Amino acid sequence: MRILVIEDDKKIASFIANGLKQAGFAVDAAYNGEEGLNLALAEPYDAAVIDIMLPILDGLSLIGELRSNNINTPVIILSAKRSVDDRVRGLEIGGDDYLTKPFSFSELLARIYALMRRSTGASESTKLKVGSLSMDLLNREVIREDKKINLQPREFALLEYLMRSADRVLSKTLIMEHVYDYNFDPQTNVVDVLVCRLRNKVDKNFDKKMIHTIRGVGYVLKES
(Lines give C-alpha, C1' and ligand atoms only; values in the text may rest on other atoms or scores of the structure.)
Protein backbone atom coordinates (compact mmCIF):
# COMPACT_ATOMS: atom_id res chain seq x y z
CA MET A 1 0.00 0.00 0.00
CA ARG A 2 1.24 3.49 -0.86
CA ILE A 3 1.02 6.53 1.42
CA LEU A 4 1.72 10.21 0.72
CA VAL A 5 3.08 12.28 3.63
CA ILE A 6 2.98 16.09 3.27
CA GLU A 7 4.67 17.75 6.23
CA ASP A 8 7.08 20.72 6.23
CA ASP A 9 8.76 19.74 9.51
CA LYS A 10 11.35 17.28 8.19
CA LYS A 11 11.83 15.62 11.58
CA ILE A 12 8.11 14.84 11.86
CA ALA A 13 7.97 13.81 8.20
CA SER A 14 10.91 11.45 8.72
CA PHE A 15 9.32 10.04 11.89
CA ILE A 16 6.08 9.27 10.04
CA ALA A 17 7.75 7.98 6.86
CA ASN A 18 10.16 5.67 8.69
CA GLY A 19 7.36 4.25 10.83
CA LEU A 20 5.17 3.59 7.80
CA LYS A 21 8.02 1.96 5.90
CA GLN A 22 8.70 -0.32 8.86
CA ALA A 23 5.00 -1.20 8.79
CA GLY A 24 5.39 -2.28 5.16
CA PHE A 25 4.03 0.76 3.32
CA ALA A 26 5.60 2.50 0.36
CA VAL A 27 5.93 6.17 1.27
CA ASP A 28 6.41 9.37 -0.74
CA ALA A 29 7.10 12.59 1.16
CA ALA A 30 6.66 16.26 0.25
CA TYR A 31 7.65 19.28 2.33
CA ASN A 32 5.37 21.99 0.93
CA GLY A 33 1.80 22.11 -0.32
CA GLU A 34 2.63 22.69 -3.98
CA GLU A 35 4.98 19.71 -4.18
CA GLY A 36 2.46 17.56 -2.31
CA LEU A 37 -0.38 18.56 -4.62
CA ASN A 38 1.67 17.73 -7.71
CA LEU A 39 2.45 14.26 -6.35
CA ALA A 40 -1.15 13.63 -5.31
CA LEU A 41 -2.45 14.59 -8.76
CA ALA A 42 0.16 12.52 -10.59
CA GLU A 43 0.32 9.30 -8.56
CA PRO A 44 -2.27 6.92 -7.04
CA TYR A 45 -2.19 6.69 -3.24
CA ASP A 46 -4.09 4.54 -0.77
CA ALA A 47 -4.03 7.32 1.85
CA ALA A 48 -2.43 10.71 2.56
CA VAL A 49 -1.24 12.36 5.77
CA ILE A 50 -1.37 16.16 5.36
CA ASP A 51 -0.29 18.90 7.76
CA ILE A 52 -2.41 22.08 7.81
CA MET A 53 0.40 24.63 8.17
CA LEU A 54 2.32 24.13 4.93
CA PRO A 55 4.40 26.64 2.94
CA ILE A 56 3.36 27.81 -0.56
CA LEU A 57 -0.04 26.06 -0.35
CA ASP A 58 -1.68 25.35 3.01
CA GLY A 59 -3.08 21.92 3.82
CA LEU A 60 -6.75 22.85 3.69
CA SER A 61 -6.38 24.52 0.28
CA LEU A 62 -4.45 21.46 -0.90
CA ILE A 63 -7.24 19.12 0.19
CA GLY A 64 -9.79 21.38 -1.50
CA GLU A 65 -7.80 21.17 -4.74
CA LEU A 66 -7.71 17.38 -4.51
CA ARG A 67 -11.45 17.11 -4.02
CA SER A 68 -12.18 19.59 -6.84
CA ASN A 69 -10.08 17.36 -9.11
CA ASN A 70 -12.07 14.28 -8.03
CA ILE A 71 -9.10 12.80 -6.14
CA ASN A 72 -10.77 10.81 -3.37
CA THR A 73 -7.64 9.56 -1.60
CA PRO A 74 -8.47 9.19 2.12
CA VAL A 75 -6.80 12.04 4.05
CA ILE A 76 -5.69 12.32 7.66
CA ILE A 77 -5.14 15.96 8.65
CA LEU A 78 -2.33 16.78 11.07
CA SER A 79 -2.45 19.99 13.10
CA ALA A 80 -1.23 21.58 16.31
CA LYS A 81 -4.61 23.31 16.53
CA ARG A 82 -6.96 21.60 18.95
CA SER A 83 -10.19 23.62 18.75
CA VAL A 84 -13.44 22.01 17.63
CA ASP A 85 -13.87 24.66 14.93
CA ASP A 86 -10.51 23.75 13.41
CA ARG A 87 -11.41 20.06 13.30
CA VAL A 88 -14.83 20.77 11.81
CA ARG A 89 -13.34 23.00 9.12
CA GLY A 90 -10.79 20.35 8.20
CA LEU A 91 -13.42 17.66 7.87
CA GLU A 92 -15.82 19.92 5.95
CA ILE A 93 -13.15 20.82 3.38
CA GLY A 94 -12.70 17.14 2.53
CA GLY A 95 -10.48 15.56 5.20
CA ASP A 96 -11.49 12.12 6.43
CA ASP A 97 -9.85 12.19 9.86
CA TYR A 98 -8.06 14.71 12.09
CA LEU A 99 -5.13 14.08 14.40
CA THR A 100 -3.64 16.74 16.67
CA LYS A 101 0.05 17.06 17.46
CA PRO A 102 1.78 15.56 19.36
CA PHE A 103 0.50 12.09 18.49
CA SER A 104 1.65 8.50 18.85
CA PHE A 105 2.63 6.61 15.73
CA SER A 106 0.50 3.62 16.79
CA GLU A 107 -2.60 5.84 16.76
CA LEU A 108 -1.72 7.25 13.34
CA LEU A 109 -1.23 3.73 11.98
CA ALA A 110 -4.54 2.54 13.42
CA ARG A 111 -6.32 5.51 11.85
CA ILE A 112 -4.72 4.81 8.46
CA TYR A 113 -5.98 1.23 8.58
CA ALA A 114 -9.44 2.47 9.56
CA LEU A 115 -9.52 4.89 6.62
CA MET A 116 -8.42 2.20 4.21
CA ARG A 117 -11.12 -0.11 5.56
CA ARG A 118 -13.81 2.52 5.01
CA SER A 119 -12.54 3.47 1.54
CA THR A 120 -12.47 -0.13 0.31
CA GLY A 121 -15.64 -1.22 2.10
CA ALA A 122 -13.75 -4.05 3.77
CA SER A 123 -15.38 -5.45 6.90
CA GLU A 124 -12.05 -6.10 8.61
CA SER A 125 -8.96 -4.15 7.66
CA THR A 126 -6.48 -5.66 10.08
CA LYS A 127 -6.87 -9.33 9.12
CA LEU A 128 -6.72 -10.86 5.67
CA LYS A 129 -7.30 -14.47 4.66
CA VAL A 130 -6.98 -16.33 1.36
CA GLY A 131 -7.41 -20.08 1.63
CA SER A 132 -4.90 -21.45 4.16
CA LEU A 133 -2.97 -18.17 4.20
CA SER A 134 -3.79 -15.54 6.82
CA MET A 135 -2.29 -12.15 7.67
CA ASP A 136 -2.62 -10.04 10.81
CA LEU A 137 -1.72 -6.48 9.83
CA LEU A 138 -1.43 -5.08 13.34
CA ASN A 139 0.72 -7.88 14.75
CA ARG A 140 2.65 -8.26 11.48
CA GLU A 141 2.05 -12.02 11.43
CA VAL A 142 1.60 -14.32 8.45
CA ILE A 143 0.47 -17.92 8.97
CA ARG A 144 -0.12 -20.71 6.48
CA GLU A 145 -1.42 -24.09 7.63
CA ASP A 146 -0.53 -23.21 11.25
CA LYS A 147 3.06 -22.41 10.27
CA LYS A 148 4.35 -18.89 10.91
CA ILE A 149 6.08 -17.21 7.97
CA ASN A 150 8.63 -14.50 8.74
CA LEU A 151 8.69 -11.73 6.15
CA GLN A 152 10.76 -8.61 5.60
CA PRO A 153 8.80 -5.32 5.31
CA ARG A 154 8.80 -5.25 1.47
CA GLU A 155 7.79 -8.91 1.32
CA PHE A 156 4.99 -8.25 3.79
CA ALA A 157 3.79 -5.25 1.76
CA LEU A 158 3.76 -7.27 -1.46
CA LEU A 159 1.88 -10.15 0.12
CA GLU A 160 -0.67 -7.75 1.59
CA TYR A 161 -1.25 -6.25 -1.85
CA LEU A 162 -1.56 -9.69 -3.44
CA MET A 163 -3.99 -10.84 -0.76
CA ARG A 164 -6.14 -7.73 -1.06
CA SER A 165 -6.23 -8.37 -4.82
CA ALA A 166 -6.64 -12.18 -4.63
CA ASP A 167 -7.56 -13.83 -7.94
CA ARG A 168 -6.71 -10.62 -9.83
CA VAL A 169 -3.60 -10.46 -11.97
CA LEU A 170 -1.33 -7.58 -10.95
CA SER A 171 1.12 -6.14 -13.43
CA LYS A 172 4.67 -5.29 -12.46
CA THR A 173 3.78 -1.61 -12.87
CA LEU A 174 0.92 -1.87 -10.38
CA ILE A 175 3.13 -3.70 -7.91
CA MET A 176 5.85 -1.07 -8.33
CA GLU A 177 3.34 1.72 -7.65
CA HIS A 178 1.99 0.12 -4.48
CA VAL A 179 5.10 -1.41 -2.93
CA TYR A 180 7.87 1.03 -3.89
CA ASP A 181 8.11 4.81 -3.81
CA TYR A 182 8.46 6.91 -6.94
CA ASN A 183 12.28 7.06 -6.70
CA PHE A 184 12.64 3.46 -7.87
CA ASP A 185 13.61 2.83 -11.49
CA PRO A 186 10.72 0.96 -13.16
CA GLN A 187 13.19 -0.65 -15.58
CA THR A 188 14.88 -2.68 -12.84
CA ASN A 189 13.98 -6.27 -11.95
CA VAL A 190 13.24 -5.49 -8.29
CA VAL A 191 9.67 -6.76 -8.62
CA ASP A 192 10.76 -10.13 -10.01
CA VAL A 193 13.37 -10.49 -7.27
CA LEU A 194 10.85 -9.56 -4.56
CA VAL A 195 8.25 -12.00 -5.88
CA CYS A 196 10.88 -14.75 -5.98
CA ARG A 197 11.84 -14.09 -2.35
CA LEU A 198 8.19 -14.08 -1.27
CA ARG A 199 7.40 -17.23 -3.22
CA ASN A 200 10.27 -19.05 -1.51
CA LYS A 201 8.70 -18.30 1.85
CA VAL A 202 4.99 -18.67 1.06
CA ASP A 203 5.04 -21.60 -1.39
CA LYS A 204 8.32 -23.51 -1.18
CA ASN A 205 7.44 -25.82 1.72
CA PHE A 206 3.80 -26.39 0.75
CA ASP A 207 2.21 -28.76 -1.75
CA LYS A 208 -0.20 -26.22 -3.23
CA LYS A 209 1.29 -23.11 -4.78
CA MET A 210 -0.51 -19.79 -4.30
CA ILE A 211 1.66 -17.22 -6.12
CA HIS A 212 1.41 -17.71 -9.87
CA THR A 213 3.20 -16.04 -12.77
CA ILE A 214 1.09 -15.03 -15.75
CA ARG A 215 3.71 -14.68 -18.47
CA GLY A 216 3.76 -11.29 -20.12
CA VAL A 217 1.15 -9.95 -17.72
CA GLY A 218 2.16 -10.16 -14.06
CA TYR A 219 1.43 -12.12 -10.90
CA VAL A 220 -1.64 -13.41 -9.09
CA LEU A 221 -2.27 -14.94 -5.69
CA LYS A 222 -4.92 -17.65 -5.63
CA GLU A 223 -5.59 -21.14 -4.41
CA SER A 224 -4.42 -23.71 -6.94
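The values are calculated or read from the model by the stated rules, or taken from the named source; none is laboratory data. Bear in mind that the values here come from a model prediction, so they are computed numbers and not experimental data. Here the Cβ is made from the backbone with ideal geometry for all residues, glycine too, and neighbour counts use every protein chain on show. In case anyone asks, the SASA skips ligands and DNA or RNA and just uses the protein heavy atoms, side chains included. Shrake-Rupley method; radii C 1.70, N 1.55, O 1.52, S 1.80 Å.
Worth a mention:
- The stretch 141-157, residues that are among the charged types (D, E, K, R), closer than 28 Å to residue 75 by Cα and modelled with pLDDT of 90 or more: 141, 155
- The stretch 20-51 - residue that is surrounded by fewer than 20 Cβ atoms within 10 Å (Cβ to Cβ) and out of contact with any strand residue (DSSP E or B) (no Cβ under 9 Å at 6 or more places or on another chain) and, of those, farthest from residue 75 (Cα to Cα): 22
- Cβ-Cβ contacts under 7 Å between residues 6 or more apart (or on different chains), taken from a first residue in the stretch 71-82 that is farther than 14 Å from residue 114 by Cα and modelled with pLDDT of 90 or more to a second residue that is hydrophobic (A, V, I, L, M, F, W, C) and open to solvent by 70 Å² or more (accessible area, probe 1.4 Å), are listed as 71/41.
- Pairs where the first residue, in the stretch 144-167, is at positive phi and the second is among the aliphatic types (A, V, I, L, M), C-beta under 7 Å, 6+ apart: 167/220
- In the stretch 129-140, residue farthest from the chain's Cα centre (by Cα) [restricted to those that are surrounded by 14 or more Cβ atoms within 10 Å (Cβ to Cβ) and modelled with pLDDT under 90]: 140
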